[in-house]
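One structure coming up, written as structure tokens, with questions to follow.
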Amino acid sequence: MIRGLTKAGLGKIESDEQYITSAAKYGFQSVDLNPLSLVQQYEKEQAAQLLEHNQVIIGSSDLTVDWRGSEEQFRAGLKSLVEMAEASASLNCFTCCTYVLPSTDQPAASFMAAATRRLKLCADILGAYGIRLGLEFVGPHHLRTQWKNPFIWSVEDTLDWIETIHAPNVGLLVDSYHWHTLGLRMEEVLQLKKEQIVHVHINDASDLPIEKLLDNERLYPGEGVIDLTAFLKNLKAIGYTGPIAQEVLAPASTLDSSELFAKSKAGFDKVFAEL
């Protein structure tokens, strides 16, 4: 498996170049970022050289289309999705992800119908470039009532929705924090197939009842109560070999970026030690 990062939990990063070079310096092999932004900053050849020189790959990009809002907003974003997919494929990044909030202010049935159609279209566009789309189920209890109507948040419901979307390149983004806040045991990872997993996020949780855990109060790997070594061992057991990307959504830190990269490395060293 590949040690990876998102920008969450790394403090103020001045540029994608700093992000990539710092990731390499601290032993990370992948970074999640927007390939189109990287290409626009550095041109394709220079962007590819920057990644290759640092022996870093792009683990995943975010879905750039607003599929949760109005139809006009969604349609307006499709052009940029094509551009992002072209840039992503040119830099050998074949993973794109989006999160699924567990409640919505829209009527749940009509929202489900629109979201299914829109994500199917996004998946078809991405699939033309060989890119997979990962859907991230979101576990924290407080978000289930944040908006008027409950939506979906369980692994089973997300997998059922993926079947309904009916695109071969759609799968799961599995996040250790969401897994924990759903009350799932780490051995339940073994019930997944590697083909169902598009991408993985890793982070840790405080020693609180799961219904009290907030989405933006996560800890760095190895700082909390989640058995992340078991999480990784079970992912490895089912054959997952892709990026494990740290995503620490938390209040701003007083540490500077280099200290946060070092802290991230220490956490990965700890939880990867027994693999």
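The values are calculated or read from the model by the stated rules, or taken from the named source; none is laboratory data. The structure displayed is predicted, hence computed values, not measured ones. Quick reminder, even Gly has a Cβ in these numbers, built from the backbone with ideal geometry, and neighbours come from all protein chains shown.
State all residues of the stretch 223-241 that are surrounded by fewer than 19 Cβ atoms within 10 Å (Cβ to Cβ) and among the small types (Gly, Ala, Ser); if no residue qualifies, say none.
The answer is 230, 237, 239.
Follow-up. Can you find a residue that is of a type in the set (S, T, N, Q) and either touching a residue at least 40 places away in the same chain (Cβ under 8 Å) or surrounded by 17 or more Cβ atoms within 10 Å (Cβ to Cβ) (or both) anywhere in the stretch 186-193? Talk me through it step by step, then tell me what you get.
Our first condition is that a residue be of a type in the set (S, T, N, Q); within the stretch 186-193, this holds for 191.
Add one more test, that the residue is either touching a residue at least 40 places away in the same chain (Cβ under 8 Å) or surrounded by 17 or more Cβ atoms within 10 Å (Cβ to Cβ) (or both), and what stays is none.
No - not one qualifying residue is present in the stretch 186-193.
In the stretch 80-98, what residues are out of contact with any helix residue (DSSP H, G or I) (no Cβ under 7 Å at 6 or more places or on another chain), assigned to a helix (DSSP H, G or I) and under 23 Å from residue 196 (Cβ atoms)?
89
Hey, residue 70 hits all of (1) surrounded by 15 or more Cβ atoms within 10 Å (Cβ to Cβ); (2) over 29 Å from residue 258 (Cβ atoms) but one; which does it fall short on?
(1)
Can you find even one residue in the stretch 174-189 that is under 15 Å from the mean Cα position of the chain (by Cα), within 22 Å of residue 109 (Cβ to Cβ) and among the β-branched types (Val, Ile, Thr)? Talk me through it step by step, then tell me what you get.
As a first pass, look at the stretch 174-189 and keep what is under 15 Å from the mean Cα position of the chain (by Cα): 174-179.
Within this subset, residues satisfying the condition of being within 22 Å of residue 109 (Cβ to Cβ) are none.
Looking for residues that are under 15 Å from the mean Cα position of the chain (by Cα), within 22 Å of residue 109 (Cβ to Cβ) and among the β-branched types (Val, Ile, Thr), one finds none in the stretch 174-189, hence no.
Counting only residues that are crowded, with 20+ Cβ neighbours inside 10 Å and among the aliphatic types (A, V, I, L, M), how many does the stretch 116-137 have?
Count: 6.
If you don't mind, there's one more thing I want to ask. Do you know which residues across the stretch 223-255 are farther than 13 Å from residue 204 by Cβ, part of a loop (DSSP other than H, G, I, E, B) and modelled with pLDDT of 95 or more?
238, 239, 240, 241, 242
Considering the stretch 123-172 alone, what residues qualify as being of a type in the set (Phe, Trp, Tyr) and more than 22 Å from residue 107 (Cβ to Cβ)? Steps first, please.
First, the residues of the stretch 123-172 that are of a type in the set (Phe, Trp, Tyr): 129, 137, 147, 151, 153, 161.
The one that is of a type in the set (Phe, Trp, Tyr) and more than 22 Å from residue 107 (Cβ to Cβ): 129.
Restricting to the stretch 70-118, count the residues that are of a type in the set (Asp, Glu) and within 23 Å of residue 215 (Cα to Cα).
Selection size over the stretch 70-118: 1.
Checking the condition surrounded by fewer than 14 Cβ atoms within 10 Å (Cβ to Cβ), under 25 Å from residue 235 (Cβ atoms) and not hydroxyl-bearing (Ser, Thr, Tyr), which residue from 49, 55 passes?
Checking each option against the conditions leaves just 55.
Just the residues that are part of a loop (DSSP other than H, G, I, E, B) and within 21 Å of residue 60 (Cα to Cα), please, taken from the stretch 183-214.
Across the stretch 183-214, the qualifying residues are 192, 193, 203.
If I ask for residues that are touching a residue at least 60 places away in the same chain (Cβ under 8 Å) and not hydrophobic (A, V, I, L, M, F, W, C), which ones from the stretch 19-48 would you list?
22, 25, 26, 27, 29, 30, 32
Quick one: residue 14 ticks every box in (1) within 23 Å of residue 169 (Cα to Cα); (2) surrounded by fewer than 18 Cβ atoms within 10 Å (Cβ to Cβ) bar one, so which box is it?
(1)
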